[in-house]
Amino acid sequence: MDHFIYRDGVLHAEDVPLTEIAAQVGTPFYVYSAATLLRHFQVFDESLAWGEHLVCFAMKSLSNVAVLKMLGQAGAGIDVVSIGEYLRAKAAGVSGDKIVFSGVAKTREEMKIALEGGIRQFNVESEPELEVLSEVALSLGKVAPITVRVNPDVDAKTHAKIATGKKENKFGIPISRAREVYARAAELKGLDVVGIDVHIGSQLTDLEPFRLAYRKVAELTEVLREDGHNIRRLDLGGGLGIPYTRSNEAPPLPVELGQVIREEVGHLGCEVEIEPGRLIAGNAGQLVSEVIYVKEGEDRRFLILDAAMNDLVRPSMYDAHHDIDPVIEAEPGVEPETYDVVGGICETGDTFAKGRNLPPLKAGDLVSFRSAGAYGAVMASEYNSRPLVPEVLVQGDKFAVIRRRPTYEEMIARDIVPEWL
Ligand code: PLP
């Protein structure tokens, strides 16, 4: 469910017409619906209400401080994968005891900042990381709370670039070696082993891989407890998929995932954490763009937009589909036209959609990419020296720019020309 709807023929985010934001902010821009973000967080929170839990928003999907602040105020924890993300979460007022730190490449410096600033737990991804983290913690006179991320070798049945739980993936330690790794962790004086972590991939549209992974985690919990470890927290990752097309079969709902979690690990008496990103942010955001030209090719018609792959990379990176809606609703009965929808970057890969049926459009018309809230703005770049795309947050009838578009001068001023040139 989201709060992007046509009213009087104009696409709105909650109560704000997208045309109004476009007039003030210029295009392209990302727009997020506060009500949708909060609703998605709440459905996860409710899905785990049967036990002690914390929903940690995976901010890699959408990392704007205003969004983090809003979710933090609603009670969310945050899953971070770099110290930059950690510092953003802190800037949003989220306390360290609600921040979990994932990622395979944590540096000593990052560990130090997180330990000094407060951290709920590190999700450790390798044996060398265990040793280094213990050393860093001891050097600060601290003990680092940790889980070990286990790789359960489960096929998440998702796009290869976002599957993380197979043995060939770089994430976690093989579950078959978990006992010896936990034994080593328990020996290290700078660590406090609090639980187990697992995350098998993103955009999962089937509950079975989750069930398989959680079952393995439950078995491991029993084994590790027998080995003497005080396993009291399970971080079960993110990954629940969203519908990217209206015609798609709907992926499972958070409440169904919550039920699977309850069935598989509920009997263990552990606190449960989950780390959803896409499901909270994906359908809470859209990318609005203006048509620059309609160009007749030899065998096709190109819709050339002012947004490009640097603003939304998912189609070129993952062959991802985004529904595209005209901001001014087509009159009923209008015959669609077929377009290749492209941006202005000098790459053939800068193609958002091929052979897409849309109502007839012309230069100056606005279109909106649906389901762009997650892995959209966060992956934007300034490739082709196009200033970073701005972000706008809507709540009811008000909206605010929560990241402004840099000026060309600001963009260029970051470069430093050495004096010897
Ligand atoms: N947790 C970890 C460790 C991740 O790597 C990711 C993303 O891949 C997530 C959570 C969030 O996944 P999603 O956005 O699919 O919910």
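The values are calculated or read from the model by the stated rules, or taken from the named source; none is laboratory data. Just so it is clear, the model here is predicted, and its values are computed rather than measured. Heads up, the Cβs are rebuilt from the backbone with ideal geometry, glycines too, and the neighbour counts pull from every protein chain shown. Heads up: the accessible areas ignore ligands, DNA and RNA and are worked out on the full protein's heavy atoms, side chains in. Shrake-Rupley method; radii C 1.70, N 1.55, O 1.52, S 1.80 Å.
Give me the angle, in degrees from 0 to 90, between the Cα long axis of helix 127-139 and the longest principal axis of the Cα atoms of the chain, rounded to the nearest 10.
With rounding to tens, the tilt is 80 degrees.
Quick check for me: using +1 on Lys/Arg Cβ and -1 on Asp/Glu Cβ, what's the dipole size of region 278-421 about its Cα centre, in debye to the nearest 20? Working shown, then result.
Values: 15 positive and 24 negative charges, 88 e Å.
My answer is approximately 420 debye.
Using the alpha-carbon atoms, what tilt in degrees (0 to 90, nearest 10) does helix 34-47 show relative to the longest principal axis of the chain?
30
Normalised by the residues of region 250-372, what does the relative contact order come to in percent, with Cα pairs under 8 Å and at least six apart?
Values: 197 pairs, mean separation 39.0, N = 123.
After rounding, I find 32 percent.
Lys142: which lysines have alpha carbons under 30 Å from its alpha carbon, excluding same-chain residues fewer than 8 sequence positions away?
Qualifying lysines at Cα under 30 Å: Lys60, Lys69, Lys90, Lys98, Lys106, Lys112, Lys170, Lys189.
Relative contact order of the chain, please, whole-number percent, based on alpha carbon pairs below 8 angstrom and at least 6 residues apart. Could the numbers behind the result be given before it?
Details: 947 pairs, mean separation 81.4, N = 421.
Answer for the chain is 19 percent.
What size of dipole, in debye to the nearest 20, comes out for the chain about its Cα centre when the only charges are +1 on Lys and Arg C-beta atoms and -1 on Asp and Glu C-beta atoms? Numbers along the way, then the final one.
Working: 45 positive and 64 negative charges, 154 e Å.
The dipole of the chain has a size of about 740 debye.
State the percentage of accessible surface on the chain attributable to carbon and sulfur atoms; use a 1.4 Å probe and exclude ligands, DNA and RNA. Mind dumping the intermediate values first?
Numbers: 9270 of 18200 Å².
Solvent-exposed carbon and sulfur of the chain make up 51 percent of the total.
Just the Cα atoms of region 282-373, one point each, no solvent: what log10 I(q)/I(0) does Debye give at q = 0.10, 0.16, 0.17 Å⁻¹?
With one equal scatterer per Cα and no solvent, log10 I(q)/I(0) is -0.23, -0.59, -0.67.
Given the convex hull of the Cα atoms of region 321-421, what is a quarter of its surface area in nm²? Let's see the in-between values first.
Working: hull surface 39.2 nm².
Hull-based average projected area comes out at 9.8 nm².
Which net charge results when you count Lys and Arg as +1 and Asp and Glu as -1 among the other residues whose beta-carbon is under 13 Å from that of Gly118? Spell out each step's value before the answer.
Working: positive: Lys90, Lys98, Lys112, Arg120, Lys142; negative: Asp97, Glu116.
Overall, the nearby charge balance is +3.
Across region 145-185, how large is the tail of the calculated P(r) beyond 11 Å, expressed as a percent of all Cα pairs? List each step's numbers first, then the result.
Details: 513 of 820 pairs.
Cα-Cα pairs in region 145-185 separated by more than 11 Å: 63 percent.
Mind checking the per residue accessible area of the chain for me, 1.4 Å probe, whole number of Å²?
On the way: 18200 Å² over 421 residues.
About 43 Å² of surface per residue is accessible.
For region 377-391, what does the Karplus curve 6.51 cos²θ - 1.76 cosθ + 1.60, with θ = phi - 60°, yield as ³J(HN,Hα) per residue in whole Hz, taken in order and with x for Gly and Pro?
Calculated HN-Hα couplings, in order: 4, 5, 9, 6, 9, 9, 3, 6, 6, 9, x, 4, 5, x, 10 Hz.
For Lys354, go through the lysines and keep the ones whose alpha-carbon is under 24 Å away, minus same-chain ones fewer than eight residues off.
Answer for Lys354, where 24 Å is the Cα cut-off: Lys161, Lys295, Lys362, listed by chain and number.
May I ask for the percentage of alpha-carbon pairs in region 117-210 that lie more than 16 Å from each other? Provide the component values of the computation, followed by the final result.
On the way: 2415 of 4371 pairs.
I get 55 percent for the Cα pairs in region 117-210 exceeding 16 Å.
Can you pull the Kirkwood radius for region 73-115, inverse mean 1/r over Cα pairs, to one decimal in Å?
On the way: mean 1/r = 0.0956 Å⁻¹.
Roughly 10.5 Å, rounded to one decimal.
List the lysines whose alpha-carbon lies under 19 Å from that of Lys167, not counting same-chain residues fewer than 8 positions away?
Lys157, Lys216
Return, for the Cα atoms of region 1-112, the radius of gyration and Dmax in Å, separated by a comma.
So, for region 1-112, Rg and Dmax equal 16.7, 56 Å respectively.
What percentages make up the Cα-Cα pair-distance distribution of the chain when the bins are 20 Å wide from 0?
26, 52, 21, 1
Just subtract the alpha-carbon distance of Glu208 and Ala23 from 0.36 nm times their residue separation and send over the number in nm, one decimal. Please list the in-between numbers first.
Values: separation 185, 0.36 × 185 = 66.60 nm, distance 4.61 nm.
Between Glu208 and Ala23, full extension yields an extra 62.0 nm.
Which one of Ser176, Val417, Val10 is farthest out on the positive end of the charge dipole of the chain, using unit charges on Cβ (Lys, Arg +1; Asp, Glu -1) and the Cα centre as origin?
Ser176
In deg cm²/dmol and to the nearest 500, what is the mean residue ellipticity at 222 nm of the chain if only DSSP H runs of at least 4 residues count, each as -39500 (n - 2.57), divided by the residue total? Let's see the in-between values first.
Details: 12 runs with 119 residues, N = 421.
Taking each H run of at least 4 residues, the total per residue is -8500 deg cm²/dmol.
Can you give the convex hull volume of the alpha carbon atoms of region 139-267 per residue, in Å³?
Numbers: hull volume 15.8 nm³, N = 129.
Residue-normalised Cα hull volume stands at 122 Å³.
I'd like the orientation of helix 178-187 relative to the chain: the angle between its Cα long axis and the longest Cα principal axis, in ° from 0 to 90, rounded to 10.
60
Could you give the radius of gyration (one decimal) and Dmax (whole number) of the Cα atoms in region 60-180, in Å?
Values for region 60-180 (Cα only, Rg and Dmax): 15.2, 44 Å.
I want the local charge near Val389. Using Cβ-Cβ distances under 11 Å, sum +1 for each Lys or Arg and -1 for each Asp or Glu among the other residues. Mind dumping the intermediate values first?
On the way: positive: Arg386, Arg403, Arg404, Arg405; negative: Asp306, Asp311, Glu382, Glu391.
Result for the neighbourhood of Val389: 0.
Looking at region 185-248, I'd like the Rg to Rh ratio, where Rg is from alpha-carbon atoms and Rh is Kirkwood's inverse mean 1/r. Present the calculation step by step, with values, prior to reporting the outcome.
Numbers: Rg = 15.7 Å, Rh = 13.7 Å.
When Rh is taken as the Kirkwood radius, the ratio is 1.15.
What relative contact order, as a whole-number percentage, does region 57-195 give when Cα pairs under 8 Å and 6 or more residues apart are counted?
Values: 241 pairs, mean separation 25.8, N = 139.
It comes to 19 percent, rounded to a whole number.
Toward the positive end of the charge dipole of the chain, about the Cα centre and with charges on Cβ (Lys, Arg +1; Asp, Glu -1), which of Val223, Tyr86, Ala377 goes farthest?
My answer, from the dipole projection, is Val223.
Count charges around Pro254 for me, please; just the other residues with Cβ under 11 Å from its Cβ, Lys/Arg as +1, Asp/Glu as -1.
Value of the local net charge: -2.
Toward the positive end of the charge dipole of region 100-223, about the Cα centre and with charges on Cβ (Lys, Arg +1; Asp, Glu -1), which of Leu115, Leu133, Leu204 goes farthest?
Farthest along the dipole direction, towards plus: Leu204.
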